[in-house]
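Notes to accompany the following structure.
Just so you know, all these numbers are worked out from the coordinates, no wet-lab data involved. None of the values given here were measured: they were computed from a predicted structure. Positions of Cβ are backbone-derived with ideal geometry, glycine not excepted, and every protein chain shown enters the neighbour counts.
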Ligand SMILES: Nc1ncnc2c1ncn2[C@@H]1O[C@H](COP(=O)(O)OP(=O)(O)OP(=O)(O)O)[C@@H](O)[C@H]1O
Ligand SMILES: [Mg+2]
């Protein structure tokens with residue numbers, strides 16, 4: 001097992017009466033991509049900013065690369081790259097000037113043009129920040145965080161506002177970083193992002209971790225029932241002879257099963273025998289989104 | 001790079017951004033020069049009694065506008081631009097990098113001082129060309145430069161302290177002007193305060209730093225008959241020190257909610 005880069009035990013944070021984080025434990029190892037998923041107000045930014053050293057914790061133990069981030073050691077800041085949920089950039093500097101400015105704060109910066117290429121801002125190199133679109137500014141945020149060649153990267157909703165192409169590109173960057181042995185801690189609202197990028201996902205709701213694990217296994221997802229759906233035309237001989245079949249009023253049939261292979265076999269046999277078609281046949285497994293909605297109580301933001 | 005080199009580099013980037021921003025270039029730079037032209041052409045023909053001597057108003061204004069320039073470039077400029085940077089999240093971003101906070105802020109203060117010195121030089125040149133004002137030389141010049149730097153640094157520190165009481169960037173101009181404009185008037189920057197000005201106004205002048213700064217600037221600029229008083233510089237520096245202590249205690253790197 002590789003070295004533990006982030007270790008959090010019993011972390012709590014209150015803002016006055018509001019308990020934003022209520023005793024969470026996390027452990028992230030070198031080379032991992034770890035995603036913190038959760039609805040608005042769940043405590044993601046609070047957690048990340050405690051790890052980054054911006055906020056003081058109310059209780060709990062936190063180690064980041066062996067440091068207590070609350071002490072804001074420079075030696076720690078030299079090894080960490082940060083994309084905040086929302087931050088500004090000087091509007092009157094150009095993209096290149098900006099990346100160069102931040103790169104030199106670090107002891108071993110990356111090549112400035114290479115970083116700009118990496119986030120796809122080559123065409124905008126000499127454009128002033130004020131002339132960039134929202135998504136382009138966000139890419140510049142990522143470039144700034146990469147400029148110091150950090151071994152640990154914090155990304156708080158890094159791809160919010162990205163077009164689909166830019167998101168794929170950002171994922172590619174994160175995968176490359178991981179393959180170089182860098183550690184990435186990200187928060188996101190996008191299930192597909194967590195699923196595509198993360199080795200491990202923790203779902204946070206109302207300040208508590210409600211599930212944690214590899215995205216494929218989250219919340220017992222791999223054990224959950226498969227859903228088979230289709231429509232039958234009139235002409236079908238009675239309801240399908242499989243256990244658990246439910247016929248909806250609009251003619252839609254739903255079957256939940258733990259043995260999808262044999263159930264499907266029976267259903268197709270039934271249709272072949274009757275000489276009709278299973279219209280719009282679908283076989284789906286619960287998506288990460290389903291699991292997530294289940295886990296977080298389907299709420300739209302915990303306020 | 002050493003921290004000092006990083007700080008000086010910060011001055012360079014601050015300078016680049018400063019001149020590209022139409023608002024800072026205009027309000028910080030063009031504004032004092034515009035005031036100088038307006039005041040001297042409107043009111044520069046009379047005289048004003050100071051310390052029992054009649055002084056040409058044009059001379060008075062050249063020194064007063066040099067004072068105004070330094071205050072605008074350091075106090076007003078720092079208070080407003082740093083509040084903007086705080087509220088737009090630039091300070092927070094910088095705070096997450098290895099750059100020491102002092103290097104960032106001192107970089108801005110040094111840039112403000114350079115702008116102040118440039119403005120004072122332009123004001124002095126204007127005075128010399130149009131009103132035959134004598135330019136300070138030798139020991140007087142040294143004193144004058146010292147006063148400019150002491151004033152610029154003190155007002156910059158007060159500007160940093162002021163950001164702590166500005167709730168957000170939108171309120172910046174209102175708060176900053178509410179503080180500095182009355183003081184500029186009560187300290188004789190826009191309207192000369194002669195020997196016969198009301199006592200309460202003179203009391204205000206002795207308490208706050210603007211009048212002391214203006215007196216020291218005038219004495220440093222013209223020499224006789226103005227008396228250069230070290231206590232003016234001392235009071236100015238004490239205010240600056242107070243500003244520094246307040247800034248160190250209350251300065252915020254993150255946007256105010
Ligand atoms: N500075 C603060 N002062 C007071 N309350 C705060 C502060 N920051 C966050 N909170 C509260 O703490 C809770 C968690 O907020 P946080 O920003 O961590 O959520 P989040 O998971 O990042 O949400 P989002 O997805 O919207 O970014 C919320 O109820 C929020 O209102
Ligand atoms: Mg957040």
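For the range B:206-244, backbone nitrogen atoms closer than 11 Å to the point 7 Å from residue B:141 Cα along Cα-to-C-beta are found at no residue.
Count, for each residue of A:82-95, the Cβ atoms from other chains sitting within 10 Å of its Cβ, then give me the mean as a whole number.
5
Tell me, what is the FRET efficiency for residue A:249 and residue A:163 to the nearest 0.05, using R0 = 30 angstrom and their Cβ-Cβ distance as r?
For residue A:249 and residue A:163, the calculated efficiency is 0.15.
Placing R0 at 60 angstrom, the Cβ-Cβ distance between residue B:248 and residue A:262 gives a FRET efficiency of 0.25 after rounding to 0.05. Applying 1/(1 + (r/R0)^6) with r as the Cβ-Cβ distance of residue A:126 and residue A:192 and R0 = 41 angstrom yields a FRET efficiency of 0.75. Computed from label points 7 Å out along Cα-Cβ, the spacing between residue A:279 and residue A:4 is 5.8 nm.
Rounded to the nearest 10 degrees, the angle from helix B:101-131 to the longest Cα principal axis of chain B is 30 degrees.
Relative to the longest principal axis of the Cα atoms of chain A, helix A:260-274 runs at roughly 40 degrees.
The relative contact order of the range A:225-284, computed from alpha carbon pairs under 8 Å that lie at least 6 residues apart in sequence, is 52 percent.
With contacts taken as Cα pairs under 8 Å and at least 6 residues apart, chain B reaches a relative contact order of 27 percent. By the beta-carbon count within 10 Å of each Cβ, the least crowded to most crowded order of A:189, A:265, fewest first, is A:265, A:189.
The label-point distance for residue B:190 and residue B:16, in a model that sets each label 7 Å from Cα toward Cβ, rounds to 3.7 nm. Taking the centroid of alpha carbons for each part, the range A:105-178 and the range B:17-67 are 47 Å apart.
Above 36 angstrom, tally the Cα pairs of the protein assembly as shown and express them as a % of all pairs, no decimals. Mind showing how you got there, number by number?
Working: 79543 of 156520 pairs.
Tail fraction, whole percent: 51.
Taking the Cα atoms only, what angle lies between the long axis of helix B:57-71 and the longest principal axis of chain B, rounded to 10 degrees? Taking Cα atoms only, the helix is inclined about 10 degrees.
A full extension of the chain between residue B:181 and residue B:121 corresponds to an added length of 19.3 nm, given 0.36 nm per residue minus the alpha carbon distance. Translational diffusion coefficient of chain A (Stokes-Einstein, Kirkwood radius from Cα pairs, 20 °C, 1.002 mPa s): 98 µm²/s. Site pair residue A:133 and residue B:149 shows an inter-label distance of 5.1 nm when each label is modelled 7 Å from Cα along Cα→Cβ.
Can you tell me the relative contact order of chain A? Whole percent, Cα pairs under 8 Å, sequence separation 6 or more.
Relative contact order here is 20 percent.
The Cα trace of chain B gives Rg and Dmax of 18.3, 58 Å, the first to one decimal, the second as a whole number.
Which whole number in µm²/s is D for the range B:1-115 by Stokes-Einstein, with the Kirkwood Rh taken over Cα pairs at 37 °C and 0.692 mPa s?
204 µm²/s
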